[in-house]
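First up is the structure itself, then whatever we jot down about it.
Values quoted throughout were computed directly from the atomic coordinates according to the rules given, and no laboratory measurement underlies them. The structure presented is a predicted model; accordingly, all values stated were derived computationally and were not measured. Reconstructed Cβ throughout: ideal geometry from the backbone, glycine too, with neighbour counts over all protein chains shown.
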């Protein structure tokens, strides 16, 4: 399997995969569909890529004009791969790579509001739900007009009961489901 940057300043660049089988990179067609949905709204935004893996999604956001991206992963191999992929794409100057536990990170008081919070954890462990609930507990992670985007296997979908966010769209691409959430009131509380 190979992954690449689809569009923008780093278009066509091949990205390295994380050694081993601890990550599941997003398929190019799903990534392309995701960024077609976001469209030009990605320009000049702050992007948080939780469970970043290869960094492919955060790097795509930067390549397409995001102002900044914070890429987060706990695994050292993933963090090293993200840094190498940022170097290969020459996008490291707008990226903040952090080796951190996603749950600890999201439990903290937000230091910044992100326009997009992308959550794509390892499958079948219920981690996506815990991550979304932590963001719901700290809604300041998401800018007033921002979105949470979740990537899961369709079989993982359960009813969401959140106080500050609601589902406004979902798209299925084969064995991948993308969920889009926004502030319930249309603005941060």
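Is the shape of the range 5-85 best called rounded, prolate or oblate, per the rule: a/c under 1.5 gives rounded, else a/b larger than b/c gives prolate, else oblate, with a ≥ b ≥ c the square roots of the Cα gyration tensor eigenvalues?
Since a/c reaches 1.5 and a/b is larger than b/c, the shape of the range 5-85 is classed as prolate.
Starting with the highest mean, order 71-78, 130-137 by the number of other Cβ atoms within 10 Å, averaged over the residues of each peptide.
Those peptides, ordered most packed to least, come out 71-78, 130-137.
Full-extension gain between residue 32 and residue 96, please, as 0.36 nm times their residue separation minus the C-alpha to C-alpha distance. List each step's numbers first, then the result.
Values: separation 64, 0.36 × 64 = 23.04 nm, distance 2.30 nm.
Taking residue 32 through residue 96 to full extension adds about 20.7 nm, to one decimal.
Taking neighbour counts of Cβ atoms within 10 Å as a proxy for exposure, in what order, fewest first, do 62, 177 appear?
Ascending number of Cβ neighbours within 10 Å: 177, 62.
Taking the simple approach of a point 7 Å from Cα along Cα-to-Cβ for both residue 156 and residue 16, what is their distance in nm?
Distance between the two pseudo-spin positions: 2.6 nm.
On each of the three principal axes of the Cα atoms of the range 147-186, give max minus min coordinate, whole Å, ordered largest first.
32, 16, 10
Specify the angular offset, from 0 to 90 degrees and rounded to the nearest 10, of the alpha carbon long axis of helix 76-89 from the longest principal axis of the alpha carbons in the chain.
70 degrees
Sorted from fewest to most neighbouring beta carbons within 10 Å, what does the list 57, 50 look like?
57, 50
Listing 38, 59 from the residue with the fewest other Cβ atoms within 10 Å to the one with the most, what is the order?
38, 59
Under a plain spin-label model, where a point goes 7 Å from the Cα along Cα-to-Cβ, how far apart in nm are residue 104 and residue 83?
Placing both labels 7 Å beyond Cα along the Cβ direction yields 1.8 nm.
Where a ≥ b ≥ c are the square roots of the eigenvalues of the C-alpha gyration tensor, would you call the chain rounded, which needs a/c under 1.5, or, failing that, prolate if a/b is larger than b/c, or oblate?
Values: a/c = 1.40, a/b = 1.32, b/c = 1.06.
Judged from the Cα gyration tensor, the chain comes out rounded (a/c under 1.5).
Would you please calculate the Kirkwood hydrodynamic radius of the range 91-184 over all C-alpha pairs and express it in Å, rounded to one decimal?
The answer is 13.9 Å.
Go ahead and estimate [θ] at 222 nm for the chain from helices alone: -39,500 (n - 2.57) per DSSP H run with n ≥ 4, summed, over the residue count, rounded to 500.
-8000 deg cm²/dmol
Measure nothing but the geometry: give the 0 to 90° angle between the long axis through the Cα atoms of 127-137 and the longest principal axis through the Cα atoms of the chain, rounded to 10°.
Result, in degrees: 60.
What distance in nm separates the simple spin-label points at residue 175 and residue 112, each placed 7 Å from Cα in the Cβ direction?
The answer from the label model is 3.4 nm.
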